[in-house]
Each structure stands twice: as C-alpha cells, then as structure tokens.
Amino acid sequence: MTYDGKIPVNKVPVPGWTGGFSSSGPHFSYPEPDLSGLPLLDNLAKIGKLERQVHVLWPEFSWETVPGDPESRCFQMFAPDISRAGYDAAGRIWAIICPQQGAASPALGSLNIEVTVTGQRGWVDETVEHRDYDLLAADMTVTGKVWFGPSAQDKPAYTVLKDLLAAVISPQEVARVEC
C-alpha cells in the first residue's frame, strides 16, 4: 500500500454527533478563536469523557526563546499525522496526544524527543465545510523531554554533552540526562 499524502476525512459527522460546544463561547469562532474563557484542563484527567478522536495533521509548536519577547518566537513543526485530539459528542476537547520522535546516529547513539501535553482546552466541529482550516481550535501547555537511549552511553559525544550540561545545570537535572 502506498501513501499519497492525503488522509481520508469524513465529510459527514459520525453518528452520535450532537455538536454545539464550538459555538458556546462568544469568541471561539474563526478566523481568530480566543479560548481564554475556557480553563486549561489537566490533560488526560477526563479521559473517561472521550467519545471521539481526530487526527491533528500538522502539529506545530512555538515558544519565545527570550521569555516576554514576542519577536523571539520560534516555530517547530513535527511529522504529519502523529497527534490526536480526543473529544466528546458535543465537541469539547478533553485530551491531546502529541508526538515522540527518535533519531539514531553512529556518533551519538539514539536520541528521543517527546512533547508531553500538561494542559489543554478547545473544541472540534465535525460539521464545518472547510475541514482543513476550521475543524478544531485548541490551546495547550507542554513540557519537552529529550533523552538518550542506552546505545548512547558508550559514545564519546554523549560524554562530552553530559559534561557540558553538568557545567550549566543542577546535578539533579544531569541525573535525568542519564539513560
């Protein structure tokens, strides 16, 4: 089976859809949805409320490299179609699953990067006409995690990186760098 880059999307809501959550807030709608009126919920705390899921085709993350300076914002997009949003029949998002990526190198061993969602809020609307643009709106807070796999421990580059980190971060954080 070959992949043509297109993910099939239901054009009609799946049976059981009630909808309505996306229009329950005065500022939720596109072109600039403002979700600040919703609390940021602990991700996965309401896992029992999930009834449906939708793929998040192009997960993109941004952060300020200099906190408080909007001009310093940088962006990173992960691989396509590796995130999911879980929601109920009304369209309230209760959980977001984000990516984990890995790479292997003869010089470094294996390196893993994970984005762990700590909080989220948002909505999905299965009835929108332009599903590529207006299907969902979500905000989330995340923690990034980077770690080396066991194959890195015997690599000289790993030892150098660990020593450099030890010079700038606490011993507890260095211990977390250990495989």
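The values are calculated or read from the model by the stated rules, or taken from the named source; none is laboratory data. Everything numeric here is computed off the predicted structure, so don't read it as measured data. Quick reminder, even Gly has a Cβ in these numbers, built from the backbone with ideal geometry, and neighbours come from all protein chains shown.
Inside region 26-49, can you point out the residues that are closer than 17 Å to residue 118 by Cα and part of a loop (DSSP other than H, G, I, E, B)?
Answer for region 26-49, where residues must be closer than 17 Å to residue 118 by Cα and part of a loop (DSSP other than H, G, I, E, B): 35, 36, 38, 39, 40, 43, 44, 45, 46.
So residue 52 fits all but one of (1) farther than 18 Å from residue 140 by Cα; (2) surrounded by fewer than 15 Cβ atoms within 10 Å (Cβ to Cβ); what number is the exception?
(2)
Can you give me the number of residues within region 88-123 that are touching an Asp or Glu at 6+ places or on another chain (Cβ under 9 Å), in contact (Cβ under 8 Å) with a residue 60 or more places away in the chain and assigned to a strand (DSSP E or B)?
Qualifying residue count, region 88-123: 5.
Residue by residue through region 1-25, note down the ones that are part of a loop (DSSP other than H, G, I, E, B), exposed (fewer than 15 other Cβ atoms within 10 Å of the Cβ) and modelled with pLDDT of 90 or more. Give the derivation first.
Filtering region 1-25 for residues part of a loop (DSSP other than H, G, I, E, B) gives 1-20, 24-25.
Subset that is exposed (fewer than 15 other Cβ atoms within 10 Å of the Cβ): 1-12, 14-16, 18, 20, 24.
Within region 1-25, 15, 16, 18, 20, 24 qualify.
Going through region 130-167 one residue at a time, which ones are part of a helix (DSSP H, G or I) and either more than 20 Å from residue 113 (Cβ to Cβ) or at pLDDT below 80 (or both)?
Our first condition is that a residue be part of a helix (DSSP H, G or I); within region 130-167, this holds for 131-134, 150-152, 156-167.
Correct list: 131, 132, 133, 134, 156, 159, 163, 165, 166, 167.
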